[in-house]
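Everything on this sheet refers to the single structure shown next.
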Amino acid sequence: MKNMEKTVNWAILSYDKWQLYVAKTTKGLCYVGSPGQSYAELENWVQKRFPQASLLENEEALHPYLEELHEYFAGIRRTFSLPVDVHGTAFQLAIWEALNQIPYGRTSSYSDIAKVIQKPTAVRAVGTAIGANPVLITVPCHRVIGKNGSITGYRGGVELKQFLLQLEAQNEE
């Protein structure tokens with residue numbers, strides 16, 4: 001179902017050496033991009049998901065979301081309280097909900113997630129759905145690792161994934 005939002009507000013989250021595009025609709029956070037991503041990639045993503053929308057740079061509108069992300073990076077915040085506006089297939093939504101159940105500082109494997117959604121043979125499809133997660137960090141796909149404990153692919157890049165896992169491990173009580 002296509003969302004007919006008129007405006008998608010965006011801003012840049014700067015933390016350390018990373019800059020991430022962050023976007024929201026009137027319903028909530030809809031996008032957290034990858035480090036090094038171009039504005040054109042954000043624009044293309046919005047055009048596919050919200051074809052009637054216009055993009056508007058609006059740091060004020062994104063302030064509460066940016067603040068929660070900064071608190072997360074500072075090790076103060078473990079969960080996110082603001083609404084998200086994510087759209088996907090029923091399978092993707094089930095996977096993204098399962099990701100939200102992985103506790104801060106912990107990891108799960110792709111096969112663990114497949115079992116959680118009661119589709120234990122759908123490991124590759126689980127990986128594909130995780131890769132389609134539009135809101136990095138806030139829906140914690142970085143907490144999914146290979147069955148053997150290896151750091152596997154991540155839309156935000158392996159370097160960011162390793163950083164996030166180390167951040168959470170340091171701040172876990």
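Share of the chain's accessible area from carbon and sulfur, percent, 1.4 Å?
About 50 percent, which is the carbon plus sulfur part of the accessible surface.
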Tensor-based shape of region 60-127 (alpha-carbon gyration tensor, a/c under 1.5 rounded, otherwise prolate or oblate):
oblate
Charges only on Cβ, +1 for Lys and Arg, -1 for Asp and Glu: so what's the dipole of region 6-88 about the Cα centre, in debye to the nearest 20?
320
Count of lysine pairs in the chain with Cα atoms under 19 Å apart, counting only pairs 8 or more residues apart in sequence or on different chains?
12
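Which value at 222 nm does the chain reach when only helices count, each DSSP H run of 4 or more adding -39,500 (n - 2.57), with the total divided by all residues and rounded to the nearest 500 deg cm²/dmol? Show your work: numbers first, answer last.
Values: 6 runs with 67 residues, N = 173.
Result for the chain: -12000 deg cm²/dmol, rounded to the nearest 500.
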Taking the Cα centre of region 44-92 as the origin, how large is its charge dipole in debye, to the nearest 20, when only Lys and Arg (+1) and Asp and Glu (-1) carry charge on their Cβ atoms?
340
Taking every DSSP bridge whose two residues both lie in the chain, the antiparallel percent to the nearest 5 is 55
Using modelled backbone amide H atoms (1.01 Å from N, in-plane), which distant-in-sequence or interchain residues come within less than 5 Å of Val144's amide H?
Ser108
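Using a 1.4 angstrom probe, figure out how much accessible area region 1-146 has per residue, in square angstrom, rounded to the nearest whole.
Numbers: 7390 Å² over 146 residues.
Each residue of region 1-146 exposes 51 Å² on average to a 1.4 Å probe.
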Determine the shape class of the chain: with a ≥ b ≥ c the square roots of the Cα gyration tensor eigenvalues, call it rounded for a/c under 1.5, and otherwise prolate if a/b is greater than b/c, oblate otherwise.
oblate
Rounded to the nearest 0.05, FRET efficiency between His70 and Arg106 (Cβ-Cβ, R0 22 Å) equals 0.45
Scaled by the rule-of-thumb 2.2 N^0.38 Å, the alpha carbon Rg for region 3-79 gives a ratio of 1.09
Any chance you could run the full-extension gain for Thr152 through Arg78? It's 0.36 nm times the residue separation minus the Cα-Cα distance, nm to one decimal.
24.4 nm
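The values are calculated or read from the model by the stated rules, or taken from the named source; none is laboratory data. In this text the structure is predicted, and so the values were computed from the model without any measurement. Neighbour counts are summed over all protein chains in view; Cβ atoms, including those assigned to glycine, are modelled from backbone coordinates with ideal geometry. The accessibility values were calculated without ligands, DNA or RNA, using every heavy atom of the protein model including side chains. Shrake-Rupley method; radii C 1.70, N 1.55, O 1.52, S 1.80 Å.
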